[in-house]
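The values are calculated or read from the model by the stated rules, or taken from the named source; none is laboratory data. These numbers were taken from a predicted model, which means no experiment stands behind them. Here the Cβ is made from the backbone with ideal geometry for all residues, glycine too, and neighbour counts use every protein chain on show. Note: accessible area is taken over every heavy atom of the protein model, side chains too, but ligands, DNA and RNA are not part of it. Shrake-Rupley method; radii C 1.70, N 1.55, O 1.52, S 1.80 Å.
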Amino acid sequence: MNHERERQAIVEAGRWLSARGLAPGSSGNISLRLGDGWLITPTGAPLGRLDGARLSRLDESGEPADGDPPTKERPLHLAVYEARPPTGAVVHLHSTWAVALACLQGLESRPALAPLTPYQVMRVHLIGIVPYARPGSTEIAQLVRARAQDHAVLLLANHGPVVAGTTLDEAVFAGEELEEVARLHFLLDGRPVRELSASEVDDIRRHLRR
């Protein structure tokens, strides 16, 4: 099977993220679960200029089956799928504000950023912080696997966000929302902030859907 619809979905998502300034240069990568494996963006491929026919296809064991060579972050993506079986897509970005947040000291001690907006609660409220490891390494995949069990949204220290979604749209939108959450964090730094209360967060989760 050529999976034309899935290939086009990745191309469109890449263009969208690039146009939003969330994947500068050739940074960032996208993967999508298939019935018999995965599609993943190739190594060094700018998200804004993806060619659907050249996307890497991985077989059921995660090994390259055809297409261009896959991104070096392939183990990271596969670790998320392994840790979170419902995951249908994974988006990894190098978006400016989220990367800036990932470079702050002491972030590991915060289980989640303070809930400020309903959409933060709906899409990215619980953020898992992943200690630094070299991109593409076995170590980073192991760290991601451990954190992804409890978090669909991860922030890799000194690196950037990784977002899992049941659909590609869900992962893309959560990646965008995380960038806004990070931006708000810096814009409000040092100012008195009204956080959403625990009861307000619970109310949002009960009544609002993604």
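Before moving on, here are some points about what is shown:
- For the range 40-80: rounded, prolate or oblate by the Cα gyration tensor [a/c cutoff 1.5]: oblate
- Accessible surface for Glu139 stands near 100 Å², nearest 10, in the context of the full protein assembly shown (1.4 Å probe).
- The chain: angle of helix 74-83 to the longest principal axis, Cα-based, in degrees nearest 10: 60
- Cβ-based net charge around Val90, under 10 Å, with every Lys or Arg adding one and every Asp or Glu removing one: +1
- Three-way shape label, the range 47-131, alpha-carbon gyration tensor, a/c 1.5: prolate
- Its DSSP H runs of at least 4 residues, each contributing -39,500 (n - 2.57), put the calculated 222 nm mean residue ellipticity of the chain at -11500 deg cm²/dmol, to the nearest 500.
- Accessible-area composition of the range 68-167, carbon plus sulfur, in percent [1.4 Å probe]: 54
- Taking Cα centre as origin and charging only the Cβ of basic (Lys, Arg, +1) and acidic (Asp, Glu, -1) residues, the dipole magnitude of the chain rounds to 320 debye.
- Each residue of the range 22-38 was assigned a 3J(HN,Hα) from its phi angle through the Karplus expression (A = 6.51, B = -1.76, C = 1.60, θ = phi - 60°), giving 9, 9, x, x, 9, 7, x, 7, 9, 9, 9, 6, 10, x, 10, x, 8 Hz with x at Gly and Pro.
- Structure remark: mean-square fluctuation, Gaussian network model of the chain, C-alpha springs under 10 Å; the largest value among Pro192, Pro135, Pro85 belongs to Pro192.
- Note, ³J(HN,Hα) from phi for the range 86-102, Karplus 6.51, -1.76, 1.60, rounded to Hz, x at Gly and Pro: x, 4, x, 7, 9, 10, 10, 10, 10, 5, 4, 5, 5, 5, 4, 4, 5
- Kirkwood Rh, angstrom, the chain [1 / mean 1/r, Cα pairs]: 17.2
- Each of Val181, Thr71, Gly48 was placed along the dipole of the chain (beta-carbon charges, centred on the mean Cα), and the one lying farthest toward the positive end is Val181.
- Charged-residue dipole, Cβ positions (Lys, Arg, Asp, Glu), the range 37-101 about Cα centre, Debye nearest 20: 260
- Relative contact order (percent, whole number), the range 74-183, Cα cutoff 8 Å, 6+ residue spacing: 41
- Net +/- balance of residues flanking Leu143 in space, Cβ distance below 14 Å, scoring K and R +1, D and E -1: -2
- Crossing angle, helix 198-207 versus the chain [Cα axis fit, 0-90 degrees, rounded to tens]: 40
- Using alpha-carbon coordinates, inclination of helix 4-19 to the longest axis of the chain, degrees: 50
- Based on C-alpha pairs under 8 angstrom that are at least 6 apart in sequence, the chain has a relative contact order of 20 percent.
- In the context of the full set of protein chains, the range 86-210 has a per residue accessible area of 50 Å² (1.4 Å probe).
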